[in-house]
1. Within 30 Å of Gly99 (Cα to Cα), hydroxyl-bearing (Ser, Thr, Tyr) and part of a loop (DSSP other than H, G, I, E, B): does that describe Ser263?
2. When you scan the stretch 602-651, how many residues do you find that are charged (D, E, K, R), assigned to a strand (DSSP E or B) and more than 29 Å from Ala482 (Cβ to Cβ)?
3. Given (1) over 25 Å from Ala465 (Cβ atoms); (2) touching a Leu at 6+ places or on another chain (Cβ under 6 Å); (3) among the aliphatic types (A, V, I, L, M), identify the lone condition not met by Leu217.
4. Take the residues in the stretch 249-275 that are open to solvent by 40 Å² or more (accessible area, probe 1.4 Å) and out of contact with any Leu (no Cβ under 8 Å at 6 or more places or on another chain), then tell me which one is nearest to Ile149 (Cα to Cα).
5. Can you spot a residue in the stretch 292-301 that is within 24 Å of Trp471 (Cβ to Cβ), modelled with pLDDT of 95 or more and among the small types (Gly, Ala, Ser)?
6. Can you run down the residue pairs with Cβ atoms below 6 Å, 6 or more apart or on separate chains, where the first is in the stretch 142-171 and in contact (Cβ under 8 Å) with a residue 60 or more places away in the chain and the partner is aromatic (Phe, Trp, Tyr) and open to solvent by less than 10 Å² (accessible area, probe 1.4 Å)?
7. Would you mind stating whether Ser462 is crowded, with 24+ Cβ neighbours inside 10 Å and either over 18 Å from Asp500 (Cα atoms) or touching a residue at least 12 places away in the same chain (Cβ under 8 Å) (or both)?
Amino acid sequence: MKKLTINAVMVCLAALGVSAPYEVQAWRNAPSISRTMEGDNVAVVAKTQSSPNGKVLLTPVVKDNNVTGFSLCYKKNGAKKSRVLALSGFGVQTADGGGKALRINNVGAPRKIKERYSMLSGKRLQCSNEANEVEYAFTDSLGRGQRMIVRLYNDGIAFRYELSDLPNTTVNDERTAYKIEEGTRRWMQKWTEPYEEFFPLSATGNTENRHWGYPALVQSDDDVWALITEAGIERRHSASSLYNNHSATDYRVVPDHNDSQVSGQWYSPWRVVIMGSKKDVVESTLVTDVSAPSRLDDTSWIAPGSVSWIYWAYNHGSKDYKIVCKYIDMAATLGLPYVLIDAEWDEMGNGGTIEDALDYAKKKGVKTILWYNSSTAWKQKYGAPGPHERLNAPENREKEFAWLEEKGVSGVKIDFFAGDKQETMQYCIDLLGCAARHHLLVNLHGATVPRGWQRTYPNLMSVEAVYGAEWYNNLPVLTNRAAAHNATLPFTRNVIGSMDYTPCTFSDSQHPHITTNAHELALPVLFESALLHWADKPESYLAQPKEVQDFMGELPTVWDETRFLSGYPGESVVMARRHGGTWYVAGINGTDNPVTLPVDLPFIGSGKKTVTLFADGENASTPWSIKCIKGKCPASVDCRPRGGFVMIIKP
């Protein structure tokens, strides 16, 4: 099999406009040993590979002197290894017949990858990327080579496929399949174009729906978990999703429509399985660990923060100038740095235009974000709000973003994208790059789930892709399901990237909510989003106690570190996030019964603390219990049905 040299890799990456990633640097010093499938070396190929801490294990399944699959296991402290998942299929195929009948050729010696990198948003600002990497090389029925690059991390596994010496063809099929045995608990969302569904608990794949979106959470054993997703989407990729339509137990990775012609070198996105305890899964940064480093030379202008948001209260956009000014005033009063001027601003009336609104916000010291229709899914001819068609053509996009930069606009919210196909992924990458050139933050709505772009394009502040609070406007179903849904999201959707749920509403929109005020106040801490959109109406927020209003203006939207404390999907969750020297601890009850949530904080250090505790009041007429505590932090908090709490802990 012909080996691809390091220089060839770097030339290929340069042709794609990609700087040499850290793994190429790691290869320079890697041992050049390879082991072939000859004689006694079958045992070497079948050898179990492990993560740096020895807990994440990958074992090839060898049959008739060939690798036919892989077993993924996790070894708890002092315990036998627990099988988490199996890869019942792997590899990719091309339109010219390549990729069929793969046979193992050799396996490389493990290489160590170790780096530290910084983020501007997410669970923590300083991240560590450490793994053992193994290369499995195969030959197909055409004699063409295919490599499977596997990285074993302390909190999971990531793998991708690499092809070289390709003729002009299309990568048109993938054989990756995760086997999840019947009886295994899993939380999966039905695939929809905007990724807005619940994650119901199930123990079977034999359901009416057989198409699933990322991420998919699996509990394989007592506190052994796996979260399946992907990362590293580039311009020549479509995103993928999971199908178990051929077999109830085999969840196939199926890329969406991709008609990109490839030749020479090609690699797939990373297939990612975060593994370990609930704490390992919730705190993991594996999605950004395997994603490309930042492509922005200057990030000094990027400023995450809170946003006042108009849509939820009025179920409409921003065509009324006077209402827009109310939200600008609210942001100024509460100390929120941003206001989102939502859909229909191009039709603004009732006393002013968009130019007047931008001027008014500037006078109030509030920065602006403007909404756009991506014009790829819900389009003008189908009654979609505007502005339309301003970002699709490159020349129009440059003109529009240049105008925003000239007007001092800080960012854009772009909505209604057309699914996971390759042209949509390319469009998103083009939007992020162009926005960065004009110093614009980006919030993607009605879009696919995050797959690591927040590291590569740090101006990407948040992504919707969640059944969020705006659904109180649309259907009555969220009223009774919100508490359990909220207690599921920290284990599923929010693990893989910022999530614009638009949280914390104390009043009702079109359909009522029955979560408590303290439950709602906990959501902006539990749900990480670098742009945090406060969804309720000004009258509701400004009627809250002063302590609540101060909390809104002071709450950070980026975190030095995140810690999972306790919980179970759909039942409860307690998490702690640190910003500087201040800890924010939040918990919610996802059930219809009162509970006492434990608060175990050994990591905050000894010494007296100043704690502000926001907890459930006695009833609906007394919704708040707000206390200032000097000394030790409470060891537990009592929560009403669908209740919650927030602690602010200062030295």
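1. The answer is no for Ser263.
2. We begin by selecting, within the stretch 602-651, every residue charged (D, E, K, R); these are 608-609, 616, 618, 627, 630, 632, 638, 640, 642, 650.
If we keep only those that are assigned to a strand (DSSP E or B) as well, we get 609, 616, 618, 627, 630, 638, 650.
Narrowing the set further to residues that are more than 29 Å from Ala482 (Cβ to Cβ) leaves 609, 630, 650.
Residues meeting the conditions: 3.
3. Every condition holds for Leu217 apart from (1).
4. It comes out as Pro255.
5. There is no residue in the stretch 292-301 that is within 24 Å of Trp471 (Cβ to Cβ), modelled with pLDDT of 95 or more and among the small types (Gly, Ala, Ser).
6. Listed by first residue and then by second, the contacts come to Val150/Phe159; Ala158/Trp270; Arg160/Trp270.
7. In short, yes.
Yes or no, residue by residue, for (1) more than 30 Å from Val366 (Cα to Cα); (2) surrounded by fewer than 17 Cβ atoms within 10 Å (Cβ to Cβ); (3) in contact with an Asp or Glu (Cβ under 7 Å, 6 or more places away or on another chain):
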position: Phe551; (1), (2), (3): no, no, no
position: Thr557; (1), (2), (3): no, no, no
position: Tyr568; (1), (2), (3): yes, yes, no
position: Ser572; (1), (2), (3): yes, no, no
position: Arg578; (1), (2), (3): no, no, yes
position: Pro598; (1), (2), (3): yes, yes, no
position: Phe614; (1), (2), (3): no, no, no
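The values are calculated or read from the model by the stated rules, or taken from the named source; none is laboratory data. Everything numeric here is computed off the predicted structure, so don't read it as measured data. As a convention, Cβ positions derive from the backbone with ideal geometry for all residues, glycine included, and neighbour counts pool all protein chains shown. Just so you know, the surface numbers come from the protein's heavy atoms only, side chains and all, with ligands and any DNA or RNA stripped out. Shrake-Rupley method; radii C 1.70, N 1.55, O 1.52, S 1.80 Å.
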